[in-house]
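Below is one structure, written out as C-alpha cells, with a few remarks after it.
Just so it is clear, none of the values below were taken in a lab; they were calculated from the coordinates. Remember, it's a predicted structure, so these values are computed and weren't measured experimentally. Methodologically, a virtual Cβ is constructed for each residue, glycine included, from the backbone with ideal geometry; neighbour enumeration extends over all protein chains shown.
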Amino acid sequence: MRIAAISDIHGNLAALDAVLADIAARGVDLTVNLGDILSGPLQPAETADRLIALDLPTIRGNHERQLLTLPPGKMGASDAFAAQRLSDGHRAWLAALPIDMRIAPDVLLCHGTPASDLDYYLDHVEETGSRAATPGEIEARSGGETAALILCGHTHVPRAHIRAGGGLIVNPGSVGLPAYEDDRPWPHVMQAGSPHARYVIAERGVEGRWTAELIAIDYDWESAAQLSEERGRPDWAVALRTGRMG
Ligand SMILES: [Mn+2]
C-alpha cells in the first residue's frame with residue numbers, strides 16, 4: 001500500500017497543483033489531506049473548489065476550526081482573509097471534516113498529535129526556540145496510540161521518527177507555506193529551509209514495516225510570493241521565496 005500525504009496547503013493552489021501532478025506521475029493507492037487547508041492570502045476559495053472535487057480522505061486542522069468558530073475580530077490575518085472568501089458550500093465542507101481518521105486499522109491521520117490540533121508532535125518549542133522533539137517527548141504526546149503509521153502535520157517541518165516498537169510517525173511538511181513564526185507557547189520560527197512544496201509517500205514494505213519518502217518539489221513560488229505581496233503579506237512573500245523567515 002502506497003499512501004501520499006499532503007498537509008498545510010494554506011490556500012496555495014499553485015503548490016497544490018504541482019504536488020498533485022507529482023503524485024499522479026509517481027502513482028499511489030491513496031492520497032490523504034492532513035488539514036490547514038485554506039488560511040492565508042493566496043487562493044482559499046479556488047483551493048477549496050479543487051479539493052472538494054477530488055474528495056480525498058481529509059481531516060481538519062486548527063485553522064479550519066478557527067475559521068468556523070472564531071468571531072471575525074478574533075481571527076488572525078490568514079484566517080480572516082480566507083473567511084471573507086469562502087462560500088456557504090465551502091464552509092459546509094469544512095464543518096463536516098473529522099478531527100482525525102483511521103484509513104486502515106494501523107494507519108492514523110491527525111493534524112498536530114493524536115490528542116491535539118495545536119501541539120507539535122515531532123518538534124518541540126521552548127524558551128530559546130524550536131528544535132526536534134526527543135523520543136521521550138514524542139512518546140508522551142502519543143497518548144498510548146499504537147498505530148504502525150501515524151501521519152501528522154501542523155509544524156510545516158518534514159520529519160520521520162521510528163518509535164521504540166517500530167512504528168513510524170511522519171510529518172510531510174507543508175505543501176503551501178514552508179516557514180512561519182508563532183508565539184505559542186514561546187516565540188519561535190518554523191522553517192523548512194527551502195521554498196519547495198513538500199509532501200510524503202509512505203509505503204508498507206516487506207514484513208509490514210512502513211517506510212517514508214519525504215519529497216520536495218519545484219513550483220512557481222515567485223508568482224505565489226508576488227500575490228502575497230499584493231495582498232499585504234510581505235512575511236508570506238519572504239517565506240514563500242526562501243523557505244525561511246528572513
Ligand atoms: Mn499549518
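With a cut-off of 8 Å between alpha carbons and a minimum separation of six or more residues, what is the relative contact order of segment 89-246 in percent?
17 percent
Determine the distance separating the Cα centre of segment 190-238 from the Cα centre of segment 51-69; give it in Å without decimals.
With segment 190-238 and segment 51-69 each reduced to a Cα centre, they are spaced 18 Å.
Taking one equal scatterer on every alpha-carbon of segment 2-242, how large is log10 of I(q)/I(0) by Debye at q = 0.14 1/Å?
Summing over Cα pairs of segment 2-242 leads to -0.86.
I need to check one value: relative contact order of segment 1-115, counting alpha carbon pairs closer than 8 Å and at least 6 residues apart, in percent. Write out the running numbers ahead of the final one.
Details: 182 pairs, mean separation 29.1, N = 115.
Relative contact order here is 25 percent.
Quick one: P(r) of segment 57-129 from all Cα-Cα pairs, 5 Å bins, percents rounded to integers, in order of increasing distance.
The calculated distribution, bin by bin, is 3, 14, 20, 20, 18, 14, 7, 3, 0.
What distance in nm separates the simple spin-label points at Arg102 and Ala53, each placed 7 Å from Cα in the Cβ direction?
3.4 nm
How many nm separate the modelled label positions at Ile162 and Arg244, each set 7 Å beyond the Cα in the direction of the Cβ?
According to this spin-label approximation, the distance is 3.2 nm.
Provide the per-residue ³J(HN,Hα) series for segment 74-88, in order, calculated from phi with Karplus coefficients 6.51, -1.76, 1.60 and θ = phi - 60°, each as a whole number of Hz, with x at glycine and proline positions.
Whole-Hz 3J(HN,Hα) from phi for segment 74-88: 9, 7, x, 4, 5, 5, 5, 4, 5, 4, 5, 9, 8, 7, 4.
His154's amide H: which non-local residues (gap 5+, or another chain) put their own amide H closer than 5 Å, with H modeled 1.01 Å from N in plane and none for Pro or chain starts?
Asp8
Between Leu70 and Arg184, what length in nm is gained on full extension when 0.36 nm per residue of separation is reduced by their alpha carbon distance? Mind dumping the intermediate values first?
Values: separation 114, 0.36 × 114 = 41.04 nm, distance 1.76 nm.
Once the chain is fully extended between Leu70 and Arg184, it gains 39.3 nm.
Taking amide H positions as placed 1.01 Å from N in the peptide plane, with prolines and chain starts having none, which residues 5 or more places from Ser130, or on another chain, fall under 5 Å of its amide H?
Those qualifying (amide H under 5 Å, at least 5 residues apart or on another chain) are Val189.
Only Lys, Arg, Asp and Glu count, each charged at its Cβ (+1, +1, -1, -1), so figure out the dipole size of segment 1-114 about its Cα centre, rounded to 20 debye.
On the way: 9 positive and 13 negative charges, 38 e Å.
It comes to approximately 180 debye.
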